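K.L.:
This is the structure, below, for whatever I ask next.
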Amino acid sequence: MEAVLTESPGPLEELTRRRIAAREGEDPQATERQHKKGKLTARERIDLLLDKGSFTEVESLRRHRATGFGLERRKPYGDGVVTGWGTVDGRTVFVYAHDFRVFGGALGEAHAQKIHKLMDMAISAGAPLVSLNDGAGARIQEGVSALAGYGGIFQRNTKASGVIPQISVMLGPCAGGAAYSPALTDFVFAVRDISQMFITGPDVVRAVTGEEISQNGLGGADVHGGTSGVAHFVHDDEESCLAEVRYLLSLLPANNRELPPVVAAVDPADRPADALLDLVPADGNRSYDIRTVIEELVDDGEYLEVHAFWAQNIVCALARIDGRTVGIVANQPIAMAGVLDIKASEKGARFVQFCDAFNIPLVTLVDVPGFLPGVDQEHDGIIRRGAKLLYAYCNATVPRVSVVLRKAYGGAYIVMDSRSIGADVALAWPGNEIAVMGADGAANVVFRREIAAAADPDEMRREKIDQYKRELVHPYYAAERGLIDEVIDPRETRLMLARSLAMLTTKHAELPRRKHGNPPQ
């Protein structure tokens, strides 16, 4: 036994040497340069994301086999990407992180194959996949082999879609075809000043269009968080960004075969929400922040808003009610009066589809005056693109509870998960106005001749508006016809949501057998 032990140090020392080389990279100064840019290294990021000491690395000693352009002299271990798995709050999560210190994080054949293997492992294990992106795109020296590597990633992104949660964290540049992988994933996080995403960079834009723009101006975090809608979450630093990735993962199931994790609720389900009586003005023309309503309804007032800076006339958020994860879709009266437009419809549709794919019940808070009118909206396809939200709700088989807080007019009311398109439980507050359109506009259409012929048209218009309200817009009209299950005291909303969601935990619904639907694009 002693003889065997004395022969072991040689191989072990070599293993240790190679592992150190893989961790530290080719250039001892590379880590310092990364830090000077205000950026963490790949392994530092993984340490922040995962539970301490839980990371298990795979293929740390992988090296490329390419030749030419000096590549035969540079064969660093790991080939510019760190891959493996660990845990977040004790639950398995797969992760890969570009190592900008090696080839600028550029993707080559071996680099891509490492990612392919990890993605296949994540799909097989049924666990979330997080990518920490900080790379210079395709490795030009490897030519088409690098491009094919991206193709393999895109194919697996698509295969994993709706099967396991996929989260992209942008922590550096992401240009050209590389940007399509994050676009295929469920959520994109970005960090101000260090994240950039674009298909063609500033130099190409300048050469083709003559426009001068910086990298951040073209594809920085705030651009994608507030203008393009590519980024769902925007943060000031890597630490807070990765902490929120952990929080998001805590709300999600590991895969589409599981229910979201349930936690013991400290906040009582029957807690009265007295503040709701004052938060929502009775006057439909007065605005308010729907986020204050959400805070009153969810456990401990905590929620994670998705796309907080884009299409702000609709709010999408993940939260818990009585310990159960829910997806909340709500009109936002302080932004464009809460109307639905193209961006809001697309934002809501994708969020509804995500929740449905991963068994997350939907709570819809309705206060919508209609779809946004306008030539630009019509010409840009509000019919086609607005139908995305309708399709998503109609297609969703998860538990669905809707609450009409105030206004619910026209087609927008139908689209916002009304009973007629399949809401399991439809509730309304006592002051609700559910109608084809507002009383003012309706009276001008229905009683047009009477108003025009009256001695005092203004007085007649007021009388007809009151008549329309009494007969068709009163709060109980929809309830009397079974389109609302119950009109409730606003203070009971949290309790009614908790009870409805508990009842629906055993819901079973199936769609007709098909390969897939053909949603409006």
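K.L.:
Can you find a residue that is in contact (Cβ under 8 Å) with a residue 24 or more places away in the chain and farther than 24 Å from Arg246 by Cα anywhere in segment 162-173?
P.N.:
no
K.L.:
Picking from Asp89, Asp47, which residue would you name as being assigned by TED's automatic domain parsing to the domain that holds Gln141, within 31 Å of the chain's Cα centre (by Cα) and either within 18 Å of Ala136 (Cα to Cα) or loosely packed, with under 15 Cβ neighbours inside 10 Å (or both)?
P.N.:
Asp89
K.L.:
Scan the helices (runs of 4 or more DSSP H) fully inside segment 388-491 and keep the ones with 1 or more residues being under 30 Å from Arg513 (Cβ atoms) and among the polar types (S, T, N, Q).
P.N.:
none
K.L.:
What tally of residues in segment 309-342 results from selecting those that are more than 21 Å from Val230 (Cα to Cα) and either assigned to a helix (DSSP H, G or I) or of a type in the set (Ser, Thr, Tyr) (or both)?
P.N.:
So the answer is 4.
K.L.:
With segment 98-197 as the region, which strands (runs of 3 or more DSSP E) entirely inside it contain at least 3 residues that are more than 26 Å from Glu32 (Cβ to Cβ) and of a type in the set (Val, Ile, Thr)?
P.N.:
none
K.L.:
Just one of (1) modelled with pLDDT under 95; (2) surrounded by 24 or more Cβ atoms within 10 Å (Cβ to Cβ) trips up Gly411, so point out which.
P.N.:
So Gly411 meets the others, but not (2).
K.L.:
Would you pick out the residues in segment 38-59 that are touching a residue at least 60 places away in the same chain (Cβ under 8 Å), under 15 Å from Pro128 (Cα atoms) and touching a strand residue (DSSP E or B) at 6+ places or on another chain (Cβ under 6 Å)?
P.N.:
Scanning segment 38-59 gives a single hit, Ile46.
K.L.:
Considering segment 360-415 alone, what residues qualify as being of a type in the set (S, T, N, Q) and in contact with a strand residue (DSSP E or B) (Cβ under 9 Å, 6 or more places away or on another chain)?
P.N.:
Scanning segment 360-415 gives Thr364, Gln377, Ser402.
K.L.:
Tell me, please, whether a residue that is surrounded by 15 or more Cβ atoms within 10 Å (Cβ to Cβ), assigned to a strand (DSSP E or B) and either basic (Lys, Arg) or modelled with pLDDT of 70 or more (or both) can be found in segment 50-69.
P.N.:
For segment 50-69, residues surrounded by 15 or more Cβ atoms within 10 Å (Cβ to Cβ), assigned to a strand (DSSP E or B) and either basic (Lys, Arg) or modelled with pLDDT of 70 or more (or both): present.
K.L.:
Any idea which residue in segment 426-448 is farthest from Pro373 (Cα to Cα), counting only those that are of a type in the set (A, V, I, L, M) and without any contact (Cβ under 8 Å) to a residue 24 or more places away in the chain?
P.N.:
Val446
K.L.:
Next question. Quick check on this structure: which one of Ala349, Ala317, Ala357 is under 21 Å from Leu251 (Cα atoms) and touching a Lys or Arg at 6+ places or on another chain (Cβ under 7 Å)?
P.N.:
Ala349
K.L.:
Please tell me if Asp458 is surrounded by fewer than 16 Cβ atoms within 10 Å (Cβ to Cβ), in the same structural domain as Arg499 (by TED's automatic domain parsing), among the charged types (D, E, K, R) and out of contact with any Pro (no Cβ under 9 Å at 6 or more places or on another chain).
P.N.:
Spelling it out, it is not the case that Asp458 is surrounded by fewer than 16 Cβ atoms within 10 Å (Cβ to Cβ), in the same structural domain as Arg499 (by TED's automatic domain parsing), among the charged types (D, E, K, R) and out of contact with any Pro (no Cβ under 9 Å at 6 or more places or on another chain).
Each row is one residue, and each column tells you yes or no for (1) farther than 24 Å from Gly438 by Cα; (2) touching a residue at least 12 places away in the same chain (Cβ under 8 Å).
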{"residue": "Met336", "(1), (2)": "no, yes"}
{"residue": "Ala349", "(1), (2)": "yes, yes"}
{"residue": "Ala357", "(1), (2)": "yes, yes"}
{"residue": "Pro369", "(1), (2)": "no, yes"}
{"residue": "Val375", "(1), (2)": "no, no"}
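K.L.:
Let me spell it out: the conditions are (1) touching a strand residue (DSSP E or B) at 6+ places or on another chain (Cβ under 7 Å); (2) modelled with pLDDT of 85 or more; (3) of a type outside the set (Asp, Glu), and Pro475 meets all of them except one. Which number is the exception?
P.N.:
Among (1) touching a strand residue (DSSP E or B) at 6+ places or on another chain (Cβ under 7 Å); (2) modelled with pLDDT of 85 or more; (3) of a type outside the set (Asp, Glu), the lone unmet condition for Pro475 is (2).
K.L.:
When you scan segment 344-358, do you find a residue that is surrounded by 21 or more Cβ atoms within 10 Å (Cβ to Cβ), among the hydrophobic types (A, V, I, L, M, F, W, C) and not in a helix (DSSP H, G or I), even just one?
P.N.:
Looking for residues that are surrounded by 21 or more Cβ atoms within 10 Å (Cβ to Cβ), among the hydrophobic types (A, V, I, L, M, F, W, C) and not in a helix (DSSP H, G or I), one finds at least one in segment 344-358, hence yes.
K.L.:
Let me ask something else about it. In segment 218-241, is there at least one residue being hydrophobic (A, V, I, L, M, F, W, C), assigned by TED's automatic domain parsing to the domain that holds Ala42 and farther than 27 Å from Ile342 by Cβ?
P.N.:
yes
K.L.:
Residues that are buried (at least 20 other Cβ atoms within 10 Å of the Cβ) and either touching a Ser or Thr at 6+ places or on another chain (Cβ under 8 Å) or in contact (Cβ under 8 Å) with a residue 12 or more places away in the chain (or both): find the helices (runs of 4 or more DSSP H) completely inside segment 202-308 holding 1 or more of those.
P.N.:
215-219, 238-251, 276-279, 290-297
The values are calculated or read from the model by the stated rules, or taken from the named source; none is laboratory data. Just so it is clear, the model here is predicted, and its values are computed rather than measured. Glycine gets a Cβ as well: all are built from the backbone with ideal geometry, and neighbour counts include every protein chain shown.
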